[in-house]
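Let me begin by presenting the structure, written as structure tokens, before commenting on it.
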Amino acid sequence: MSVRLNIVGGRFEDFSKVYNGEKLAHPYSGLFNIFVDNVAAGVHSLSGENFSGLPAYEDVKDASGKAIASDAGAFPFQLFTFKHIYGGQSRTIGNYWAQLGVSSENYVLMNQVDADQLGLKEGDLVKLVSATNPDGMWLLPNGEKKPVSGKVKPIQGIRPGTVAASWHFGHWAYGASDVLVDNQVVKGDARRATGICPNAVMLEDPVLKNASLTDPIGGSASFYDTWINVVQA
């Protein structure tokens, strides 16, 4: 059996050794590209225009290229997601019981200042709502509805005005619900349904209607550009 270990970051020596005089003791010695040829050669799949090969700031845009206006009054919090190291993606479901041993559910993380202003304390059940999902509900394929809700966990290590929820919790499949197989009921395990999955409240592209806002270069969903509100459930 072979084991592959990826070291992605960290500090592995005393801080006093960071600098050599006024310069970094361990400078990056490889090629650092300001202009990225592969990106510049790429073409936006909808507009047909080439991407810029240089770093550039642009507004969040819909599929037609129109900037998305945020309604900060009704939806004052910017939502983002992340993946815990112990449960990064849906394919880690095979190790589900070990994950539950580390944490039995995820939380709606927000700054303590924001929680205080909303009168929320740790453990309060809240629901996330957005402009394209004002009810804050998952409409499941079997016709059932599931609220986009979870428990609040106020912390200091998050920027005020933002809300975060990790991935890989809030299931309704993956054995979380009862299913009928050959007229036999296979009982679900409620532990798999704990926590919150925030995807349903992410902004829908106003042009495409049936898809989230997307990153045109990477092709993935835009996970950081939805403005939401947090309401007590």
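The values are calculated or read from the model by the stated rules, or taken from the named source; none is laboratory data. Since the structure is predicted, the reported quantities are computational estimates derived from the model, not experimental observations. We place every Cβ from the backbone using ideal geometry, glycine too, and count neighbours over all the protein chains shown.
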Return the pairs, sorted by first residue and then second, in which the second residue is of a type in the set (Ser, Thr, Tyr) and surrounded by 11 or more Cβ atoms within 10 Å (Cβ to Cβ), the first residue lies in the range 43-64 and is under 21 Å from Asp225 (Cα atoms), the beta carbons are less than 8 Å apart, and the residues are 6+ apart or on different chains. Leu46/Ser64; Val60/Ser222; Ala63/Thr214
Here is a list of conditions, (1) touching a strand residue (DSSP E or B) at 6+ places or on another chain (Cβ under 8 Å); (2) touching a residue at least 12 places away in the same chain (Cβ under 8 Å); (3) not in a loop (DSSP other than H, G, I, E, B), and Phe223 meets all of them except one; can you say which number that is? (3)
Quick one: in the range 16-41, of everything that is within 29 Å of the chain's Cα centre (by Cα) and of a type outside the set (A, V, I, L, M), which residue is surrounded by the fewest Cβ atoms within 10 Å (Cβ to Cβ)? Phe32
Can you give me the number of residues within the range 154-171 that are crowded, with 18+ Cβ neighbours inside 10 Å and either in a strand (DSSP E or B) or free of Cβ contacts under 8 Å to residues at least 24 places away in the same chain (or both)? 5
For the range 122-136, enumerate the residues that are out of contact with any helix residue (DSSP H, G or I) (no Cβ under 7 Å at 6 or more places or on another chain) and either of a type outside the set (Gly, Ala, Ser) or modelled with pLDDT under 95 (or both). Glu122, Asp124, Leu125, Val126, Lys127, Ala131, Thr132, Pro134, Asp135
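Suppose the filter is in contact with a Phe, Trp or Tyr (Cβ under 8 Å, 6 or more places away or on another chain) and at pLDDT 85 or above; does His44 pass it?
Yes, satisfied.
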Counted residues, the range 183-198 - those being free of Cβ contacts under 8 Å to residues at least 60 places away in the same chain and surrounded by fewer than 17 Cβ atoms within 10 Å (Cβ to Cβ): 7
How many residues, within the range 98-116, are at pLDDT below 95 and among the hydrophobic types (A, V, I, L, M, F, W, C)? 3
Of everything in the range 73-97, what is in a loop (DSSP other than H, G, I, E, B) and at pLDDT below 75? Give them in sequence order. Gly87, Gly88, Gln89
Among (1) modelled with pLDDT of 90 or more; (2) outside any strand (DSSP E or B); (3) among the β-branched types (Val, Ile, Thr), the one test that Ile217 misses: (1)
Give the residue, chosen from Glu58, Glu22, that is of a type in the set (D, E, K, R), out of contact with any helix residue (DSSP H, G or I) (no Cβ under 8 Å at 6 or more places or on another chain) and within 15 Å of Gly218 (Cβ to Cβ). Glu58
Can you find a residue that is in contact with a Lys or Arg (Cβ under 8 Å, 6 or more places away or on another chain), of a type in the set (Ser, Thr, Tyr) and at pLDDT 95 or above anywhere in the range 153-173? no
Pair list, Cβ < 7 Å and 6+ apart or interchain, from the range 17-35 residues that are on the phi > 0 side of the Ramachandran plot to residues that are modelled with pLDDT of 90 or more and β-branched (Val, Ile, Thr): none
